[in-house]
Amino acid sequence: MNGSSFAATRRDVLRYATSAGALIVAAPLSACSRRASDAESLDHGPQASVGAFVIIRPDETVLIAFPNPEMGQGVDTSLPMLVAEELGADFDKVETTQMPLELKFGDDGAITWKYASQGSGGSYSIVGQWEGLRIAGATARQLLVAAAAEELAVDAAELTVSQGVIRHEASGRERTFGAVAGAAAALEPPEEAPQLKSRDDFSLIGTPQKMKNARAIVTGKAIYGIDAELPGMLHAVIARCPYFDGVADSVNDSAARQVPGVYDIVKIERPPLDGPYGVQAEGYAVVAGSIWAAMKGREALNIDWNHGPYADETSAGFQAHCEELLSGQGQVVRDDGDIDAAFAAAASTHQGYYWQPYVSHAPLEPQNCIADVRDDGIDIIGPMQFPSSANRLVAETLNRDRLSIKVQVTRLGGGFGRRLSSDYVLEAALTSAAVRKPVKLLWTREDDMRHDFYRPAGMHHLRAAFDADGVLTAWTHRLASASKYYRRPNLPETDYWQAELYTDDFPAHLVDNLRVEYFSARSGAPRGSWRAPAHTANAFVVQSFLDEIAVARGEDPLALRLRLLGEPQELAYEQHGGPVFNPGRLAGVLRLAAEKGDYGAVMPAGRGRGIAAHFTFGGYVAQVVDVEVDADGQLNVSRVVAAVDVGTVVNPNGIAAQLESGVNDGLSTALRLAINIEGGRVVDGNFDTYQLMRIADAPREIETHIIDNGDEPAGMGEMGLPPLAPALANAIFQATGKRIRNLPIGDQLRA
Amino acid sequence: MVRMKINGEWRDFSGDEDMPLLWYLREDAGLKGAKFGCGIAQCGACTVHVDGQATRSCVLPVSAVDGASITTIEGLSDGETLHPVQQAWVDEDVAQCGYCQAGQIMAVAAMLEETPNPSDEDIDQQLTNICRCGTYYRLRKAVHHAAALRKEDR
Ligand code: FES
Ligand code: FES
């Protein structure tokens, strides 16, 4: 998840501010639908959708559309807060809805966002929309105020706005938003850019707000991709080659075609080997009148799969391959100072090896998508993190004009990075194109788990050197893994490391001699971005290693971290989440978490308390984890206390929710999750062997403490996860004396 | 033919009786609240009440519910008044993506009928639905809150 690819340029923000005027206020519903249809929203979509940001209705309710896909990270509430703050709306009267994908031709002739960037990834939604959505809200307020000023025959400057009411203090007269919305809709937006509030004047941003769509969810009315429908649609499931890059040797579909309800069977070609993925695998789509008939049809298919070029790959073999690579010399991707001299001169040295397995995203809603490919255009409806990528992939593959492809994003039943890929969207489009009817494609859980883009597996080797005064003098981080950067256009293998090692991560700039080395391992398993990508692996190894060093040196693990981080300062950070890493802010969250979690207290036998902290995509999070391990090795994680610094806080309730989510995701993954590979294919297919955590293992107490320092806001979707596994491993060590170096923990604690 | 009462209304079904109830509810009856998560009774996203029992509808063939009374999330509330479990979910702001939550709510509503005052251990043992977003901390609080709301109701 590279931030720069979806960072709004200044030009985007300006364009978006000016276009904001044209789309903003509509009062009577007729006016509103006129403007909405101007944006060509999909009126047959599952939700009433609007192309505009704000619609103010005569009954004083305000409908705000959020541009970025909602997958549980809370943008259906936090992004509208940015608009509502500047608008001056009563947030209790705000309803929110997902904006469909809106693209246009830019001045340079290239496709660009029509209103705002529309991807969810890299914890970037709040960062990317922070300015633009506030401008949109402020522009709407300007229009409403201008309309009220005209009605009241006063100067607009004499009017104040609060909670949906525009007031003329001197005369005591007021107008509600709903009352002037119609008049405001007819006004041209003013030339001058609206004045944005200073942070001291925020009355909504920074206050805890509950999720806007809670009622729809608890009544079963929220519409996910799997719930969407188009009139006359058929259903499809696909039999895909289970072997990495394999193909069918023979296919007999005559029995499948006899299954009642089966309409057609469509071959989906596999993507070019060593080229970018479109779809992930060769497959045979069974198209039927109902989902059940499609499933029965798939069962009746008779296919002999060739085991493909990775037929010998196994999990154990891949791990051995990584170990073997680490015994040689890798690609040096950062080399500060003189590492060899520093190790030669060291008073003490330390090293450790750590292993991370492949893991699956497993969003609870399996992949699905509706496509209606017609000669005159294409409609796509489904759960996508990057609808614009889906639009581009379908346009390029089917050779269509991008603006003729309308994409409606539904609510996502989880994303975690899986739905950054658009393979399932393309499958639906190819199937629809073949049968010339709208098709709803559904993946079963087995399809999802065996055709994921897994979090890369890899083995890490860390070394550190200290001088006689206890100064850290040298640090090496060597990693052998199968990178998620591969099969990309114009990307040489010498760039693969960039997705797996962030060379400005701690302790870069804080140690004189630093070497980072990468070994590109061979694996057929498809890889992709998994929540907080490489930070999950790197936080685990670095923060575990620090604990090992502290123990070996007889130092307190917290004190060691704090002295290595040192004073606040701005260090260059070129990867996503930069341009600056401030070690003082990381020390700040460590101190706060330690204080609130009573880190360092003497623990009774069988109990342990561990600490870890990590800088992820611009956010700083530290966690203190409490564990109990009984005589049988039964682990119980009783409490997690976290401190979070993500700059200016938009929705503290949302921050706590995402922190809790990161803790549980991190714990679930550390406890039992690994994707097992045998014979060139994924063995695990469902939750019986891929055992996601249930409530019994979840910590009963989770505390979130927030430092709001007024800095630029960072997101919160991912940063709650990376510190959990190392803090857990450190707590386990304290409780048991066993050091977890290989994930998942599995039965390593069993006596 | 299979007859079943869904959210108080009798319905007839004359298709393939091997089809899981989940697909009947979602595709034929148009009740999309119960979700498909695993298809093998592991996750609980498809939980509905069959004669009052929390049941994972993804593995229950339609033939097994002949004559049964089925309640889905759409039929849980009393008109506009939310069921105490639903209300507790809103109050505690449990949902993230929300995909598991209809199943969680149905599981908890049934659990509270049997165990109106669940301890944390009861929750650990009886509530085995998966939440991939990891909402368990609030979910646990919401179960206790729902138990309290139910008592107030009486
Ligand atoms: S879908 Fe029925 S238990 Fe998972
Ligand atoms: S809220 Fe997303 S799976 Fe539970």
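The values are calculated or read from the model by the stated rules, or taken from the named source; none is laboratory data. A quick note: this is a predicted structure, and the numbers were derived from the prediction, not measured. Cβ: placed from backbone, ideal geometry, glycine included. Neighbour counts: every protein chain shown.
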Discussion item. Go through (1) free of Cβ contacts under 8 Å to residues at least 40 places away in the same chain; (2) within 9 Å of chain A (Cβ to nearest Cβ); (3) charged (D, E, K, R) for B:GLU74 and report which single condition fails.
Written reply: (1)
Worksheet entry | Hey, B:LEU127 touching a residue at least 12 places away in the same chain (Cβ under 8 Å), within 23 Å of A:LYS296 (Cβ to Cβ) and either away from ligand 2 (no atom under 16 Å from the Cβ) or at the interface with chain A (Cβ under 7 Å from one of its Cβ atoms) (or both) or not | no
Fill in: Those residues of segment A:583-622 which are assigned to a strand (DSSP E or B) and farther than 17 Å from A:ASP556 by Cβ, in sequence order
A:ARG607, A:HIS614, A:PHE615, A:THR616, A:GLY619, A:TYR620, A:VAL621
Practice prompt. Please determine, by comparing only the residues of segment A:104-127 that are small (Gly, Ala, Ser), surrounded by 24 or more Cβ atoms within 10 Å (Cβ to Cβ) and at pLDDT 90 or above, which one is nearest to A:PHE386 (Cα to Cα).
Written response: A:SER120
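Among what's in segment A:438-455 and is within 14 Å of chain B (Cβ to nearest Cβ) and away from ligand 1 (no atom under 16 Å from the Cβ), pick the residue that is farthest from A:ASN676 (Cα to Cα).
Applying the filter and picking the extreme gives A:LYS440.
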Response to the item:
Screening A:ILE378, A:ILE370 for residues that are within 14 Å of chain B (Cβ to nearest Cβ), outside any helix (DSSP H, G or I) and in contact with an Asp or Glu (Cβ under 8 Å, 6 or more places away or on another chain) leaves only A:ILE370
Worksheet item: Any idea which of (1) away from ligand 2 (no atom under 16 Å from the Cβ); (2) outside any loop (DSSP other than H, G, I, E, B); (3) touching a Leu at 6+ places or on another chain (Cβ under 9 Å) is the one B:SER63 doesn't satisfy?
Response: (3)
Worksheet item: If a residue has to be over 19 Å from B:ALA109 (Cα atoms), more than 11 Å from chain A (Cβ to nearest Cβ) and either in contact with a Leu (Cβ under 6 Å, 6 or more places away or on another chain) or not aromatic (Phe, Trp, Tyr) (or both) to count, how many in segment B:6-15 make the cut?
Response: 4
Worksheet entry | Unique match (being more than 24 Å from A:THR77 (Cα to Cα) and without any contact (Cβ under 8 Å) to a residue 40 or more places away in the chain) among B:VAL50, B:VAL62 | B:VAL50
Discussion item. I need the full set of residues from segment A:675-728 which are in contact (Cβ under 8 Å) with a residue 60 or more places away in the chain and among the charged types (D, E, K, R), in order please.
Written reply: A:GLU678, A:ARG681, A:ASP684, A:ASP697, A:ARG700, A:GLU701, A:GLU703, A:ASP708, A:ASP711, A:GLU712, A:GLU718
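Quick check on this structure: which one of A:ARG411, A:ARG419 is away from ligand 1 (no atom under 16 Å from the Cβ) and touching an Asp or Glu at 6+ places or on another chain (Cβ under 6 Å)?
Every option except A:ARG411 fails the conditions.
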Discussion item. Can you go through A:ASP697, A:ASP665 and tell me which one is at negative phi and within 8 Å of chain B (Cβ to nearest Cβ)?
Written reply: A:ASP665
Practice prompt. Just name the residue that is farthest from ligand 2 (Cβ to nearest atom) out of those in segment B:108-124 that are under 14 Å from the mean Cα position of the chain (by Cα) and either free of Cβ contacts under 8 Å to residues at least 60 places away in the same chain or within 12 Å of chain A (Cβ to nearest Cβ) (or both).
Written response: B:LEU112
Practice prompt. Restrict the check to segment A:540-550 and report whether at least one residue is farther than 28 Å from A:GLN331 by Cβ and assigned to a loop (DSSP other than H, G, I, E, B).
Written response: no
Worksheet item: Given (1) within 12 Å of another protein chain (Cβ to nearest Cβ); (2) in contact with a strand residue (DSSP E or B) (Cβ under 9 Å, 6 or more places away or on another chain); (3) surrounded by fewer than 23 Cβ atoms within 10 Å (Cβ to Cβ), where does B:THR47 come up short, assuming only one miss?
Response: (3)
Response to the item:
Selection over segment B:40-60 where residues are part of a loop (DSSP other than H, G, I, E, B) and away from ligand 2 (no atom under 16 Å from the Cβ) yields a count of 7
Worksheet entry | Residue list for segment B:108-127, restricted to those being polar (S, T, N, Q) and in a helix (DSSP H, G or I) | B:GLN125, B:GLN126
Discussion item. Tell me yes or no: at least one residue of segment B:89-98 is outside the structural domain of B:ALA54 (by TED's automatic domain parsing), surrounded by 16 or more Cβ atoms within 10 Å (Cβ to Cβ), more than 10 Å from ligand 2 (Cβ to nearest atom) and free of Cβ contacts under 8 Å to residues at least 12 places away in the same chain.
Written reply: yes
Worksheet item: Restricting attention to segment B:52-67, and to residues there that are farther than 22 Å from B:LEU139 by Cα and surrounded by fewer than 19 Cβ atoms within 10 Å (Cβ to Cβ), which single residue is farthest from ligand 1 (Cβ to nearest atom)?
Response: B:GLY67
Worksheet entry | Single condition A:VAL435 does not satisfy, out of (1) away from ligand 1 (no atom under 16 Å from the Cβ); (2) crowded, with 22+ Cβ neighbours inside 10 Å | (2)
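Go through segment B:83-107 residue by residue and tally those that are assigned to a helix (DSSP H, G or I), more than 16 Å from ligand 1 (Cβ to nearest atom) and more than 7 Å from every other protein chain (Cβ to nearest Cβ).
Qualifying residue count, segment B:83-107: 5.
Please work out which residue is nearest to ligand 2 (Cβ to nearest atom), limiting yourself to segment A:389-437 and to residues that are small (Gly, Ala, Ser), more than 14 Å from chain B (Cβ to nearest Cβ) and outside any helix (DSSP H, G or I).
A:SER421
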Worksheet entry | Which numbered condition B:TYR137 fails, given (1) at the interface with another protein chain (Cβ under 7 Å from one of its Cβ atoms); (2) within 16 Å of ligand 1 (Cβ to nearest atom); (3) over 22 Å from A:THR219 (Cβ atoms) | (2)
Discussion item. I'm checking my understanding of the structure. Among residues of segment B:16-35 that are more than 7 Å from every other protein chain (Cβ to nearest Cβ) and without any contact (Cβ under 8 Å) to a residue 40 or more places away in the chain, which one is nearest to the chain's Cα centre (by Cα)?
Written reply: B:LEU22
Item to complete: Under 7 Å between Cβ atoms, at least 6 apart or on separate chains: pull out the pairs that start in segment A:84-97 with a residue that is basic (Lys, Arg) and end on any residue that is surrounded by fewer than 18 Cβ atoms within 10 Å (Cβ to Cβ).
Response: A:LYS93/A:GLU60; A:LYS93/A:THR61
Discussion item. Can you say whether A:GLU712 is more than 16 Å from ligand 1 (Cβ to nearest atom) and under 30 Å from A:GLU131 (Cα atoms), as far as the supplied structure shows?
Written reply: yes
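Please verify whether segment A:249-267 includes one or more residues that are of a type in the set (Gly, Ala, Ser) and without any contact (Cβ under 8 Å) to a residue 40 or more places away in the chain.
Yes, that holds for at least one residue.
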